[in-house]
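Beneath this line is the structure, given in structure tokens, with notes to follow.
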Amino acid sequence: LKLMKLGSEHVYHIAGNLNLTRLMAVYDEIDRPDLKFPTFQPRIPKKLNSPQQIFKNIREGDIFLHHPFDSFSPVVDFVEQAAKDPNVFAIKQTLYRTSGDSPIVNALKLASHNGKQVTALVELKARFDEANNIEWARQLEEVGVHVVYGLAGLKTHCKTSLVVRQENGQMVRYSHLGTGNYNPKTARLYTDCSFFTAREDITKEVADLFNTLTGFAKKPEFKKLLCAPFNLHNQTQELILQEAENARNGKPARIFAKCNSLVDSKTIENLYTASQAGVQVDLIIRGICGLVPGLPGISDNIRVHSILGRYLEHSRIFYFENGASSDGPLIYMGSADWMPRNFFRRIEAVFPIEDTRARESVMEIIDLYLKDNVHAKFLKSNGSYTNIRRPGNSTRICAQEVFSNQEQTHPPFVTAS
């Protein structure tokens with residue numbers, strides 16, 4: 001108190017541990033497997049077993065992974081192979097949170113040492129990771145990496161990586177887009193999704209996003225990506241209201257969203273509108289939810305689940321039925337929750353899953369989450385949560401256990417349309 005020039009009124013006595021973060025070390029230090037979750041080895045799809053072939057494999061078709069059930073190592077391989085590949089010309093990478101011995105950061109250093117153009121967008125204000133990120137930025141700058149700190153007043157929260165490779169006299173772009181941080185440690189603890197693509201219409205917009213963040217472009221236009229603070233909020237509202245219009249016209253209409261928090265008032269208002277129009281709305285909101293489900297005449301058609309299990313539910317998935325369109329449902333994934341800070345005060349990237357097989361795979365994931373009757377709880381209209389009632393003869397369904405036990409949750413390779 002003397003050092004910080006504080007009075008005794010600033011002292012708070014608590015019953016219990018002062019720093020629960022330190023308690024996490026106990027789990028690793030104590031050898032008591034009987035008190036721990038069973039060990040789990042993430043899967044690596046067979047065609048990703050050869051990291052040297054990763055660019056060839058992405059070129060053959062989009063790759064979709066569901067972490068931690070699918071290994072995070074292909075994401076690390078993507079950057080490491082780019083650092084070594086003599087045909088790679090440039091690498092651009094966002095860093096929001098990463099591990100203390102980050103292989104991603106080490107790969108970026110190696111790439112710069114190997115003469116490649118390397119740009120790293122480091123978010124210095126990532127809560128709890130400020131000191132780590134300042135150190136990463138310093139180390140990267142020392143080896144010649146072009147370190148950028150994003151746009152003034154906006155946190156760089158998007159999870160994007162771009163590799164530019166010279167092939168047959170042309171520059172070809174490859175991109176990784178994700179819902180989670182480039183952190184191999186949390187990738188074993190959080191559920192997240194990864195998407196690799198060489199599709200020109202998507203990788204071009206990823207390049208445009210990086211150009212905006214590095215100051216080479218000021219007014220990007222996005223047609224495939226939904227990016228905050230540019231078009232994400234407006235497009236999200238349009239997608240919700242279009243479902244309401246489809247329902248009024250007798251077309252199939254449904255909305256599914258899975259994210260950490262839902263507090264944006266405009267989004268909540270439009271979800272109420274969709275419910276009143278007859279749209280079935282299913283939401284999996286792990287944390288704060290400002291929407292009140294089950295209100296007569298307002299939110300009768302809205303159900304809200306929260307899932308708390310072995311793994312922290314962190315993936316953001318958005319589904320819109322899209323009426324009877326020949327294009328099928330619209331499915332997006334990305335880094336953004338439905339919160340004002342994500343819509344207006346952060347750089348976010350939400351990307352489409354367009355291939356039919358990939359959409360079917362994601363729909364299977366959505367369906368399983370909605371069937372969870374072990375870790376899921378319903379949000380009631382009075383603000384309390386209740387366990388899902390499971391009759392004695394009903395099947396026990398734990399989504400995370402099913403994902404862990406499946407040999408493959410989805411086909412990892414999707415033929416490019």
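Listing for the model above:
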| quantity | calculated |
| --- | --- |
| Residue that is nearest to the chain's Cα centre (by Cα) [pool: residues in segment 170-195 that are surrounded by fewer than 17 Cβ atoms within 10 Å (Cβ to Cβ) and not in a helix (DSSP H, G or I)] | Leu189 |
| Out of Leu65, Leu23, Leu95, sole residue that is free of Cβ contacts under 8 Å to residues at least 12 places away in the same chain, under 30 Å from Glu135 (Cβ atoms) and not polar (S, T, N, Q) | Leu23 |
| Within segment 1-101, helices (runs of 4 or more DSSP H) holding 2 or more residues that are of a type in the set (Ser, Thr, Tyr) | 20-29 |
| Residue in segment 371-378 that is in a strand (DSSP E or B), polar (S, T, N, Q), free of Cβ contacts under 8 Å to residues at least 40 places away in the same chain and more than 28 Å from His176 (Cα to Cα) present | no |
| Filter result for the condition that a residue is open to solvent by less than 60 Å² (accessible area, probe 1.4 Å), within 20 Å of Phe78 (Cα to Cα), of a type outside the set (A, V, I, L, M, F, W, C) and out of contact with any strand residue (DSSP E or B) (no Cβ under 6 Å at 6 or more places or on another chain), over Glu167, Glu200 | Glu167 |
| Single residue of segment 245-291 satisfying the filter (open to solvent by 50 Å² or more (accessible area, probe 1.4 Å) and among the aliphatic types (A, V, I, L, M)) that is farthest from His314 (Cα to Cα) | Val263 |
| Test for Asn183: is it of a type in the set (S, T, N, Q) and at pLDDT below 95 | yes |
| Qualifying residues in segment 334-370 (those that are over 25 Å from Ser265 (Cα atoms) and outside any helix (DSSP H, G or I)) - the one nearest to the chain's Cα centre (by Cα) | Ile353 |
| Test: residue in segment 305-319 that is of a type in the set (Gly, Ala, Ser), over 20 Å from Cys289 (Cα atoms), at pLDDT 95 or above and in a strand (DSSP E or B) | no |
| Single residue of Asp327, Asp372, Asp367 found to be in contact with a helix residue (DSSP H, G or I) (Cβ under 9 Å, 6 or more places away or on another chain) and either farther than 29 Å from Thr94 by Cβ or basic (Lys, Arg) (or both) | Asp372 |
| Complete set of residues in segment 135-165 that are in a helix (DSSP H, G or I) and free of Cβ contacts under 8 Å to residues at least 40 places away in the same chain | Glu135, Ala137, Arg138, Gln139, Leu140, Glu141, Glu142 |
| Residue list for segment 307-318, restricted to those being open to solvent by less than 10 Å² (accessible area, probe 1.4 Å) and among the hydroxyl-bearing types (Ser, Thr, Tyr) | Ser315 |
| So Val143, is it surrounded by 15 or more Cβ atoms within 10 Å (Cβ to Cβ) and either in contact with a helix residue (DSSP H, G or I) (Cβ under 6 Å, 6 or more places away or on another chain) or of a type in the set (A, V, I, L, M) (or both) | no |
| Members of segment 208-219 that are under 18 Å from Thr94 (Cα atoms) and open to solvent by 10 Å² or more (accessible area, probe 1.4 Å) | Asp208, Asn211, Thr214, Gly215, Phe216, Ala217 |
| Residue in segment 6-17 that is at pLDDT 90 or above, within 27 Å of Arg359 (Cβ to Cβ), of a type outside the set (Ser, Thr, Tyr) and open to solvent by less than 100 Å² (accessible area, probe 1.4 Å) present | no |
| Those residues of segment 320-336 which are closer than 17 Å to Asp355 by Cβ, buried (at least 22 other Cβ atoms within 10 Å of the Cβ) and hydroxyl-bearing (Ser, Thr, Tyr), in sequence order | Tyr332 |
| From the options Asn106, Asn132, residue that is at pLDDT below 95 and either in a loop (DSSP other than H, G, I, E, B) or within 29 Å of Asn49 (Cβ to Cβ) (or both) | Asn106 |
| From the options Ala198, Ala244, Ala257, residue that is farther than 29 Å from Tyr311 by Cβ, at pLDDT 95 or above and either aromatic (Phe, Trp, Tyr) or under 20 Å from the mean Cα position of the chain (by Cα) (or both) | Ala198 |
| Subset tally (residues that are open to solvent by 90 Å² or more (accessible area, probe 1.4 Å), under 25 Å from Lys159 (Cβ atoms) and of a type in the set (Asp, Glu)) for segment 24-72 | 1 |
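The values are calculated or read from the model by the stated rules, or taken from the named source; none is laboratory data. All values reported here derive from a predicted model rather than from experimental measurement. Every residue, glycine among them, receives a Cβ derived from its backbone with ideal geometry; neighbour counts consider all protein chains shown. Side chains included, ligands, DNA and RNA excluded: accessible areas come from the protein's heavy atoms. Shrake-Rupley method; radii C 1.70, N 1.55, O 1.52, S 1.80 Å.
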